[in-house]
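Working notes, structure below.
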Amino acid sequence: MRRSVHTFLQHYQYFTCIAALVALPFSISVLISQTLVMPRSFSLLHSIYARLHSLFDAAGFPSSSEFFALVCLKLSQTISSSILTFPFTISFLLLAKASVIHFLKTHFQKYISNDHNKCSSFLELYSPLLSTHLWNSFVIFSANATSICILFFAFTFLEGIHFASPKWAIFLSAVGAVFYSIVLANALVITSLALVSSGMEGSKSGGFFGILKACVLIRGRTSTALVLAVPINIGLAAVEALFHFRLVATSYDHDQRQVWVLALEGLLIGYLYSIIVVLDVIISCFFYQSCMNKSGPLDTTQINLDQEIDEEGYCYYDNGEKLKGLEEFV
């Protein structure tokens, strides 16, 4: 964290230009989408909320509790916001991350010596980042679906043994929320590292192979990755809260504040959000460098994912040793 902040301050002009010119449209879209999905009258939010409510109710969750209603509403808002910001995510956000990764790769060349890792422009990193981001979306969707299915089976089992009293249902709902949060946090950490790995390694390690390499690199370092993600997420949540407090709460008060003042203040808050997004990419890059250094060049668990798999499903270590398929790799 300290090295990331030092690098950010050392190259402040470059990173702030990226935040102002490239990441700012994405940040504004996220803040605006958070505002749009607040009322339940929003059609997309209302539709997703109704379906999730029916699904959780059929699974045996206590639909009458305030905790259940809050979880269902927050999940609906997250899905709606992700849908609204998806065009800005695959364009401005990925371009901003490609710019930061390309800049930091010049500082890590002594750790990455392969010729295919060298690229003349950050635009060359966009294709592997896009491929990895699409696979990351699938991984996050799978993590959500798996967690919900496990909770469904748990509540169904308890209901079958006549042990699902209201108090136990509320207690298990809280336990299920903690379990869901842990699974989702680990999935987000892996996908973030996979995105950085794809940018650092070049076009041949994007997509699914980037996720596999992230799973190998993060072994034994999951707690470190989660600790690094906590302050970033707190900062993003604080900026979103500031946006709601300063703009959303006073957007209809035309007597005290003028429209152009609100617009300038909104741009400033969006810029702060972009700064945190850029800092998050820098931290992920330094964490990736740390994982690569600790793995070591002779670590047999680290496979060169750029080697092609032959027709029989074999891949190879750098020393020529044969490895059967992907099961042994995982």
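Let's see how each residue does on (1) farther than 25 Å from S181 by Cα; (2) of a type outside the set (G, A, S); (3) modelled with pLDDT under 80; (4) surrounded by 15 or more Cβ atoms within 10 Å (Cβ to Cβ):
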| site | (1), (2), (3), (4) |
| --- | --- |
| Q10 | yes, yes, no, no |
| V22 | yes, yes, no, yes |
| P25 | yes, yes, no, yes |
| S41 | yes, no, yes, no |
| A59 | no, no, yes, yes |
| A69 | no, no, yes, yes |
| L84 | no, yes, no, yes |
| P87 | yes, yes, no, no |
| F92 | yes, yes, no, yes |
Next item on the list: Among what's in segment 186-204 and is out of contact with any Gly (no Cβ under 9 Å at 6 or more places or on another chain) and at pLDDT below 90, pick the residue that is farthest from L279 (Cα to Cα).
Entry: K204
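The values are calculated or read from the model by the stated rules, or taken from the named source; none is laboratory data. What you see is a predicted model; the values in this text were computed from it and never measured. Glycine gets a Cβ as well: all are built from the backbone with ideal geometry, and neighbour counts include every protein chain shown.
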